[in-house]
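The values are calculated or read from the model by the stated rules, or taken from the named source; none is laboratory data. Bear in mind that the values here come from a model prediction, so they are computed numbers and not experimental data. All Cβ positions, glycine included, derive from the backbone under ideal geometry; neighbour counts span all protein chains shown.
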Amino acid sequence: MSDDTSTINQEQASQLQVRRGAPQTFYDLTLDELTERLAELRQPAYRARQMYHWAYQQLVSDYAEMNVLPKSLRADLAESLPLTHLEPVQEIQTDDGETIKLLFRTHDGNHIETVLMFYPDRVTVCVSCQIGCAVGCSFCATGMMGLTRNLTAGEMVGQVVAAARRTRGLDRQLSNIVMMGMGEPFQNYEATMKMARILNDPEGMKFGARRITVSTSGLVPFIDKLADDPLQVKLAISLHAPNDRLRDTLVPLNRRWKVRELVDACRRYVDTTGRRVSFEYCLIKDVNDSDETARELARLLRGLLCHVNIIPLNPTPAEPSYERPSEARIHRFAQIVDTAGIPTSVRYSRGVDIAAACGQLRIEHENAAGVGGA
Ligand code: SAH
Ligand code: SF4
């Protein structure tokens with residue numbers, strides 16, 4: 001070791017670590033990567049499959065529970081390849097228990113939120129892919145934070161495994177994953193898709209790709225990339241406006257990729273994959289909720305295999321002047337779009353009272369005593 005490196009103090013070292021990304025964990029590895037890693041430890045290939053079963057089917061939280069493995073290997077791995085670095089910090093439920101927010105601390109002292117939503121026919125987990133977000137949509141609390149860093153595939157897998165374990169504890173089974181927590185998945189594309197591949201593995205969780213939805217604010221090149229990916233995950237587009245004048249004010253990314261380019265990319269996606277696209281439309285009073293805007297939206301999407309989800313705004317401090325429209329306005333807007341031939345539903349966010357709703361995920365844990373949120 002040179003003098004230079006030996007004088008790096010602990011703080012500098014941990015900053016370096018942060019810049020290099022989180023240290024590798026079991027949840028970061030595809031089955032092939034795990035097989036290679038175990039081969040270095042002179043372990044046969046079937047061990048990797050065994051471990052995938054234990055980790056993703058039995059959902060064990062410790063190597064100690066993988067009792068088919070030699071003790072020395074378990075000890076070795078616990079040291080060199082921890083299952084996860086995510087540390088559960090807190091759990092908050094809505095009164096009726098239908099929404100649970102899980103809060104984790106990362107290895108570098110940041111916090112991530114994951115939201116579990118229980119419905120009669122399905123259980124959905126809303127996963128974060130970044131700490132903060134660089135896109136900065138005007139109505140979104142996460143956008144206010146700016147971007148701290150991308151999460152690794154392992155940190156996303158860790159959120160899902162914890163959610164699956166929690167769900168199993170309630171005698172239910174996790175059925176859907178939506179990448180609608182903090183962050184923009186297409187600004188962390190490789191790690192997001194790696195997460196989906198790890199969870200989809202038939203030796204592991206066997207999570208159907210079509211039960212995973214990636215939601216984007218509209219990075220056009222990645223829509224084309226996703227269309228070509230063999231993994232058939234679902235695509236949701238956060239549209240929020242049918243024209244550039246309006247969308248420029250809501251989604252800053254629109255200055256780079258215009259509404260027309262975005263919808264054209266969606267048409268290519270549908271042509272290539274045959275899969276339907278969902279459009280999310282956050283409805284804001286007197287901003288994007290007029291009858292004329294509804295008609296313009298329907299004209300824009302005519303002929304496209306799609307579905308529109310109207311999400312009434314959850315007011316956040318990101319833009320205090322934005323308000324949620326009245327019930328009558330929300331339903332009239334949805335009805336105009338639907339009647340024009342575009343299947344449309346209204347979706348109220350879950351977990352508003354625990355600051356777990358869309359756009360409310362904003363971690364204040366570092367600074368405040370309580371769990372954050374708008
Ligand atoms: N960055 C991605 C995914 C995370 S945001 C994206 O923008 O698509 C998940 C969804 O919540 C998006 O559709 C987003 O527009 C919506 N959302 C954000 N803030 C909201 C708010 N205050 N009220 C309602 N929906 C909101
Ligand atoms: Fe980022 Fe999505 Fe929030 Fe926009 S809505 S700031 S893209 S997390």
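Could you pull out every one of the helices (runs of 4 or more DSSP H) wholly within the range 172-274 that has 1 or more residues that are of a type in the set (D, E, K, R) and buried (at least 18 other Cβ atoms within 10 Å of the Cβ)?
The qualifying helices (runs of 4 or more DSSP H) are 189-200, 244-250.
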* Residue by residue through the range 302-325, note down the ones that are in contact with a helix residue (DSSP H, G or I) (Cβ under 9 Å, 6 or more places away or on another chain) and more than 16 Å from ligand 1 (Cβ to nearest atom). => 303, 304, 305
* Asked: Taking only pairs six or more apart or across chains, which ones have beta-carbon atoms under 8 Å, a first residue in the range 335-354 that is farther than 25 Å from residue 122 by Cα, and a second residue that is surrounded by fewer than 19 Cβ atoms within 10 Å (Cβ to Cβ) and not small (Gly, Ala, Ser)?
  -> 336/291; 336/295; 340/295; 340/299; 340/302; 341/302
* To do: Collect the residues in the range 146-188 that are of a type in the set (Lys, Arg) and in contact with a Leu (Cβ under 9 Å, 6 or more places away or on another chain), keeping them in residue-number order.
  => 165, 166, 168
* Structure fact -> Exactly one of 345, 349 is within 16 Å of ligand 1 (Cβ to nearest atom), of a type outside the set (Val, Ile, Thr) and at pLDDT 95 or above, and that residue is 345
* Which residue, of 225, 234, 206, is in contact with a helix residue (DSSP H, G or I) (Cβ under 8 Å, 6 or more places away or on another chain), within 28 Å of residue 111 (Cβ to Cβ), basic (Lys, Arg) and away from ligand 2 (no atom under 16 Å from the Cβ)? -> 234
* **Residue check for residue 84: in a loop (DSSP other than H, G, I, E, B) and of a type in the set (Ser, Thr, Tyr)** => yes
* **Residue identified as part of a loop (DSSP other than H, G, I, E, B), farther than 26 Å from residue 212 by Cβ and aliphatic (A, V, I, L, M) among 294, 318** => 318
* Which numbered condition residue 58 fails, given (1) at pLDDT 95 or above; (2) touching a helix residue (DSSP H, G or I) at 6+ places or on another chain (Cβ under 6 Å) -> (2)
